[in-house]
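Below you'll find the structure, written out as structure tokens, and then a few comments.
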Amino acid sequence: MKSIRDIYKIGKGPSSSHTMGPERAARLFLSEHPEADRIRVILYGSLSKTGVGHGTDRVLQEVLSSVENEIVFSKEQPQDVTHPNTMDFFAYKEGQETGHIRVESIGGGDIVVQGREKGQSEEVYPENSFAEIKDFCKWRYITTLSEYVEMNEGPEIWDFLREVWETMKRSINDGLSTTGILPGGLNVQRRAKHLLEQQLPTEVAQVRECRIICAYAFAVSEQNADNGTIVTAPTCGAAGVLPAVLRYIHETGRATEEQVIRALGTAGIIGNLAKRNASISGAECGCQAEVGVACAMAAAASAELYGLSLDQVEYAAEISLEHHLGLTCDPICGLVQIPCIERNAVAAMRAMNACNLSYFLCGTRNISYDMVCKAMYETGLNLSHQYKETSEGGLARFYNRRRSGTRQ
């Protein structure tokens, strides 16, 4: 299994697969063809259908601004295109084609160039399932996933995760201090600051917890929707879940900064397992692969922070992902706003609830995290393409921008 560095990428939103991935692909192709005076990019599948809303054309044009460029949103899907986030790059010099690559944006900002070896980073973890990890930890008397992370990644991983945590906190702070309307034409108002400040005169503890966690999730998700800097966890569209939960736990005095940073290691393992054995791509498996996995990551991190056992950490992650099975990806107008922003907040609260349930019910469970990952992947593959980031089904189909006006 790869390093958890592959799960956490610092960059600009709104989409890891539709902006970060194409940006990396364009930079790679440009570096390989410095002779080109013209570059043509053809986008297929989800990249074509929601690329404008996600800013795919904008980021490609920015990277390729040094040469004449053409971005084509293909309405046809060639038979040899197998991944929903696929793009062809063509380089030309004085009218003659000098190079071509086909690239798949597989989620989380990662890309695969067809015909080349997959994955540029080395394998760091010998274990590739939670069952294997748990057996190893019990054999070595390791009680937390964060210990397991340090054993495989080395102590330098905490410096990397400290930078991740600082970026997450900044994205929350920036989101809470910004108001106005998000770009894209849906007239979606930023609401994180409003949520944080709307304390009720007779507010009980449970309501306060919900309001604050949701405010933090809104803050990050709104930053993402506004092309702000965020951390993929595991993707841009699901970036608000994990930082919201960790920030709340830290601020309520239940964990130190160092403990939170170690919990990011735990969350990274959960995300990595889903990425390796299933998917974290909304275009491939729907939003269950993005927000569902983010919820599992947050629940597992919370469980470790609260001192729960390895079995309970797994159960918290399993509950979270299990109850996102079948969740569709249907962004209205291809924008990462409706229902994405609210969905991050709901998942953050669900992560807290899953952590609590794992404490009380761990001994009665029958489903493993590995099993639910397999179920999520199979469910995702069987979902209609309309519900996998194409904006052709669900809310995206029934929403009428003209009829709705400024209603949200």
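The values are calculated or read from the model by the stated rules, or taken from the named source; none is laboratory data. None of the values given here were measured: they were computed from a predicted structure. When we count neighbours, we look across all protein chains shown, and the Cβ atoms used for this are built from the backbone with ideal geometry, even at glycine. Accessible surface is based on the protein model in full, side chains and every heavy atom, while ligands, DNA and RNA are left aside. Shrake-Rupley method; radii C 1.70, N 1.55, O 1.52, S 1.80 Å.
Assessment of the stretch 203-211 against the conditions (over 21 Å from Gly11 (Cα atoms), β-branched (Val, Ile, Thr) and either modelled with pLDDT under 95 or not in a loop (DSSP other than H, G, I, E, B) (or both)) yields at least one matching residue.
What number of residues within the stretch 278-303 satisfy the criterion of being out of contact with any Asp or Glu (no Cβ under 7 Å at 6 or more places or on another chain), in a helix (DSSP H, G or I) and either open to solvent by 10 Å² or more (accessible area, probe 1.4 Å) or at pLDDT below 95 (or both)?
Our first condition is that a residue be out of contact with any Asp or Glu (no Cβ under 7 Å at 6 or more places or on another chain); within the stretch 278-303, this holds for 278-279, 281, 284-303.
Pick out the ones that are also in a helix (DSSP H, G or I) and you get 284-285, 287-289, 291-303.
Next, only the ones that are either open to solvent by 10 Å² or more (accessible area, probe 1.4 Å) or at pLDDT below 95 (or both) stay: 284, 287.
Looking only at that region, the number is 2.
Evaluated against (1) touching a helix residue (DSSP H, G or I) at 6+ places or on another chain (Cβ under 8 Å); (2) within 28 Å of Gly21 (Cα to Cα), Gly115 falls short on exactly one condition, (1). Screening the candidates Gly184, Gly175, Gly115 for the property of being open to solvent by 80 Å² or more (accessible area, probe 1.4 Å) and either part of a loop (DSSP other than H, G, I, E, B) or more than 25 Å from Tyr306 (Cα to Cα) (or both) yields one hit, Gly115. Mind checking which residues of the stretch 223-255 are touching a Gly at 6+ places or on another chain (Cβ under 6 Å), open to solvent by 10 Å² or more (accessible area, probe 1.4 Å) and within 19 Å of Glu389 (Cα to Cα)? The answer is Asn227, and nothing else.
Could you identify the single residue in Ile133, Ile106, Ile101 that is assigned to a strand (DSSP E or B) and crowded, with 21+ Cβ neighbours inside 10 Å? Before the answer, list the steps.
Numbers: Ile133 fails: assigned to a strand (DSSP E or B); Ile101 fails: crowded, with 21+ Cβ neighbours inside 10 Å.
Of the residues listed, the single one that is assigned to a strand (DSSP E or B) and crowded, with 21+ Cβ neighbours inside 10 Å is Ile106.
Hey, can you tell me all the residues within the stretch 365-388 that are of a type in the set (Gly, Ala, Ser) and in a helix (DSSP H, G or I)? Ala375, Gly380, listed by residue number.
When the stretch 256-277 is limited to residues that are under 16 Å from the mean Cα position of the chain (by Cα) and among the basic types (Lys, Arg), the one that is most open to solvent (accessible area, probe 1.4 Å) turns out to be Arg276. Applying the set (1) touching a Lys or Arg at 6+ places or on another chain (Cβ under 6 Å); (2) on the phi > 0 side of the Ramachandran plot to Gly326 leaves exactly one unmet item: (1). Among the residues making up the stretch 155-194, those that are under 20 Å from Gly265 (Cβ atoms) and hydroxyl-bearing (Ser, Thr, Tyr) are Thr167, Ser171. From Val72, Val59, Val63, which residue is touching a residue at least 24 places away in the same chain (Cβ under 8 Å) and out of contact with any Asp or Glu (no Cβ under 7 Å at 6 or more places or on another chain)? Criteria check complete, one pass: Val72.
If I ask for residues that are in contact with a Gly (Cβ under 6 Å, 6 or more places away or on another chain) and under 28 Å from Arg397 (Cα atoms), which ones from the stretch 19-51 would you list? Thr19, Met20, Gly21, Leu43, Thr50, listed by residue number.
Among the residues that make up the stretch 343-358, is at least one of them open to solvent by 30 Å² or more (accessible area, probe 1.4 Å) and either in contact with a Leu (Cβ under 7 Å, 6 or more places away or on another chain) or at positive phi (or both)? No: the stretch 343-358 contains no residue that is open to solvent by 30 Å² or more (accessible area, probe 1.4 Å) and either in contact with a Leu (Cβ under 7 Å, 6 or more places away or on another chain) or at positive phi (or both).
Test of understanding: among Leu47, Leu43, which residue is among the aliphatic types (A, V, I, L, M) and touching a His at 6+ places or on another chain (Cβ under 7 Å)? Break it down into steps so the answer makes sense when it comes.
Details: Leu43 fails: touching a His at 6+ places or on another chain (Cβ under 7 Å).
Every option except Leu47 fails the conditions.
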